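Following: one structure in structure tokens, then a few remarks.
The values are calculated or read from the model by the stated rules, or taken from the named source; none is laboratory data. None of these values were measured; they are calculated from a predicted model. For neighbour counting, all protein chains shown are included, and Cβ atoms are generated from backbone atoms with ideal geometry for every residue, glycine included. SASA here: full protein model, heavy atoms, side chains in, ligands and nucleic acids out. Shrake-Rupley method; radii C 1.70, N 1.55, O 1.52, S 1.80 Å.
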Amino acid sequence: MKTKLRYLFVFVLIFSLALVGCQSADEEPAPEPAPAEEVEETAPAEEAAEPVTLRFMFPEGAGRGPGFESAIAAYQEMNPHVTIEMESVPFREYGGLLPVQFAGDSPADVALVDSSAVISYAYNGAIVPLDDIFGQADVDDFLPSLVAQSTYEGQMYGAPFFISTQGVFYNTDMFSAAGIDPPTSVEEAWTWPEFVENVSQVAESAESDAGDVWGLVFLSNPPGSISWSLPVIRSNGEPDSNTFMALSADGTEVSGYLDTPEAMEAYQFWQDLYVEHGLAPQGDVPDAFGNGQAATMISFSAWGSVLNNVFPDLNWDIMPIPYLETHIVHASHFMPTVAAKSDHQEEAKAFVQFLSSIDGFMAYYDVTSDMPARVSLLNELEEFQVRPLSIFKDELLTVAYAAPGGPGGAIYGEIVGSLMLDIAQGADIEAAVEAAVTELDAQLTQFK
């Protein structure tokens, strides 16, 4: 059950307006104003704020649309002169559209940027610093990893709003019927080979009205984002090894990181999930998990509220992400940013400030259960203290790492994401990795 917070600021504001705007019948009537000729000086009437329209762009999915509608409604109630137009973009198209938007003359005023790419867009001057909207108390309350991922040359360019790790949603009825007991804690997480063995048994014994049941699906299939796919490769390396890092410390080199023997072995495993085992589909299967066409789905915490709302008869639970050698999940999420080319930067910053506030997040959280970027809320919200959603918090505190980024983070994410997609669809692994490494080393040279 969600915690109901009382918003003191809103209460004080409404109460103050009531005192100013209303007068009880028991009060003395206000004195008649003095005749015009007797008034030496009249105070100028307060000017109404000029109407402003802001465009807010974000990738659709996982209840983000209704969540932001709720947050925007709360903001516009306090700021009636501001109209915020939502622009929801299909998730798979968002990464390619974002740089085009920033390069154009009229980008969205506010846009969500993956935390691993914030520094990249800051380096290129596409977004503006946001330090002036955060107090030290805010910075201290934000998760340190998000502050680090949004900070370039001492200034914050992204507003920590929510955080994500990845968990495995599973159909409890299918697992029970197959006699398979999934792990219930991060310490008991399956390795990927164990996952494949167990989930294959579940999928083979399960039935759906649509026919065969997939063992595993993602939000998009195969996933084109490194948030979902790259941890598989990184997990095949020891902590602090080049394989685990997947990018040089200065963010300018991938040769010797993405093409190590351990990485090549992991690419083969990734491809086998799709090609040899046929555990996951090579194209999207809409609502596969909700409709009973998949035994498991890798997603993040907000998907729980979506499943409950859209598929109320589905019985599900969550287990931690599997791994090869080292347990790892990516701790990242999209962050609100303000475009450098926005004609309404101050108004856009004010909206972003509200989103990253406790009030703003709670207005969003009332609709969808994303994990908050504020430590105070993460420790307070009841849902993240108990299973199943506590799995995400436990991962965050024990096995979560930031996705590789730096000034070239947007380029890195696009090329590596495409590489993982191509491999899942059956590309020649050696040739695909060599081409990606060559291109990335050439592209990242500019950041040395």
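On a 0 to 90° scale, report how tilted helix 409-424 is relative to the longest principal axis of the chain, with both axes built from alpha carbons and the result rounded to the nearest 10.
Long axis of 409-424 versus the principal axis of the chain: about 40 degrees.
What is the list of residues in the stretch 382-424 whose amide nitrogen lies under 17 Å from a point 7 angstrom out from the Cα of ALA431, following Cα to Cβ?
419-424, by backbone N distance to the label point.
Number of Lys-Lys pairs in the chain under 30 Å by Cα, sequence gap 8 or more or different chains? Walk me through the intermediate numbers first.
Working: LYS2/LYS349; LYS2/LYS393; LYS4/LYS349; LYS4/LYS393; LYS341/LYS349; LYS341/LYS448; LYS349/LYS393.
So the count of such lysine pairs works out to 7.
Based on the Cβ-Cβ distance from ASP313 to ALA148, what FRET efficiency comes out when R0 is 35 Å, to the nearest 0.05?
FRET efficiency, ASP313 to ALA148: 0.25.
Using alpha carbon centroids, what distance separates the stretch 83-162 and the stretch 235-301, in Å?
Computed from Cα coordinates, the inter-centre distance equals 26 Å.
Taking only the alpha-carbon positions of the stretch 329-448 and ignoring solvent, what does the Debye formula give for the base-10 log of I(q)/I(0) at q = 0.22 Å⁻¹?
-1.17
Near the amide H of TYR152, under 5 Å away, which other amide H atoms are found, from residues 5 or more places off or on another chain, if H is placed in the peptide plane?
For TYR152, the qualifying residues are TYR157.
Check which residues have an amide H placed less than 5 Å from SER301's amide H, if you skip close sequence neighbours.
So SER301 has HN proximity to THR165, MET371.
On a 1.4 Å probe surface of the protein chains, which of THR53, THR368, THR438 comes out largest in accessible area, and what is the full order? If you can, show how the numbers build up before the last one.
Details: THR53 65, THR368 0, THR438 90 Å².
If we order THR53, THR368, THR438 from most to least accessible, we get THR438, THR53, THR368.
Using mean projected area of the Cα convex hull in nm² as the read-out, say which of (1) 22.1; (2) 26.7; (3) 28.3 was calculated from these coordinates.
So the structure-derived entry is (2).
From the phi angles alone, apply the Karplus equation (6.51, -1.76, 1.60; θ = phi - 60°) to the stretch 377-393 and give each ³J(HN,Hα) in whole Hz, x where the residue is Gly or Pro.
6, 4, 8, 9, 5, 4, 4, 8, 9, 10, 5, x, 5, 5, 4, 5, 5
I'd like the antiparallel share, as a percent to the nearest 5, of DSSP beta bridges with both residues in the chain. Before the final figure, lay out each step's value.
Working: 22 of 38 bridges.
Just about 60 percent of them are antiparallel.
Ignoring any ligand, DNA or RNA, what whole percent of the accessible area of the chain comes from carbon and sulfur when the probe is 1.4 angstrom? Provide the component values of the computation, followed by the final result.
Working: 10340 of 20370 Å².
Reported share for carbon and sulfur atoms: 51 percent.
Express in nm, to one decimal, how much length is gained between GLN345 and ASP441 on full extension, taking 0.36 nm for each residue of separation and deducting their alpha carbon distance.
On the way: separation 96, 0.36 × 96 = 34.56 nm, distance 3.51 nm.
Length gained between GLN345 and ASP441: 31.1 nm.
How large is the charge dipole for the chain, taken about the Cα centre, if only the Cβ atoms of Lys, Arg (+1) and Asp, Glu (-1) carry charge, to the nearest 20 debye?
700 debye
For helix 192-205, report the angle its Cα long axis makes with the longest principal axis of the Cα atoms of the chain; keep it between 0 and 90° and round to the nearest 10°.
That works out to roughly 90 degrees.
For the stretch 261-380, give the magnitude of the charge dipole about the Cα centre (Cβ charges: +1 Lys/Arg, -1 Asp/Glu; no others), in debye to the nearest 20.
Details: 3 positive and 16 negative charges, 56 e Å.
Charge dipole of the stretch 261-380: 260 debye, to the nearest 20.
Suppose we look only past 17 Å in the calculated P(r) of the stretch 223-351. What percent of the Cα-Cα pairs does that tail hold?
Tail of P(r) above 17 Å: 70 percent of Cα pairs.
Can you work out ³J(HN,Hα) from phi for every residue in the stretch 62-68, in order, using Karplus 6.51 cos²θ - 1.76 cosθ + 1.60 and θ = phi - 60°, giving whole Hz and x for Gly and Pro?
Working through the residues one at a time gives 6, x, 4, x, x, x, 6 Hz.
Between ASP317 and residues 5 or more places away or on another chain, which pairs have amide H atoms under 5 Å apart, with H built 1.01 Å from N, and which residues are they?
TYR170, THR172
Once both axes come from the Cα atoms, what is the angle between helix 429-444 and the longest principal axis of the chain, in degrees from 0 to 90, rounded to 10?
On a 0 to 90 degree scale, this one is about 40.
Could you give each residue of the stretch 329-337 its phi-based ³J(HN,Hα) in whole Hz, using Karplus coefficients 6.51, -1.76, 1.60 with θ = phi - 60°, and x for Gly or Pro?
Computed from phi, the couplings for the stretch 329-337 are 10, 8, 9, 7, 5, 6, 10, x, 10 Hz.
Give, rounded to the nearest 20 debye, the magnitude of the charge dipole that the stretch 150-301 has about its Cα centre when Lys and Arg contribute +1 at Cβ and Asp and Glu contribute -1 at Cβ. The partial results should precede the final answer.
Numbers: 1 positive and 22 negative charges, 79 e Å.
With Lys and Arg at +1 and Asp and Glu at -1, about 380 debye.
Per residue, how much accessible area does the chain show when a 1.4 Å probe rolls over the protein heavy atoms, in square angstrom? Before the final figure, lay out the partial values.
Values: 20370 Å² over 448 residues.
Accessible area per residue, the chain: 45 Å².
Using a 1.4 angstrom probe with every protein chain in place, what is the largest-first accessible-area order of ARG92, ARG64?
Values: ARG92 115, ARG64 5 Å².
The ranking, largest first, comes out as ARG92, ARG64.
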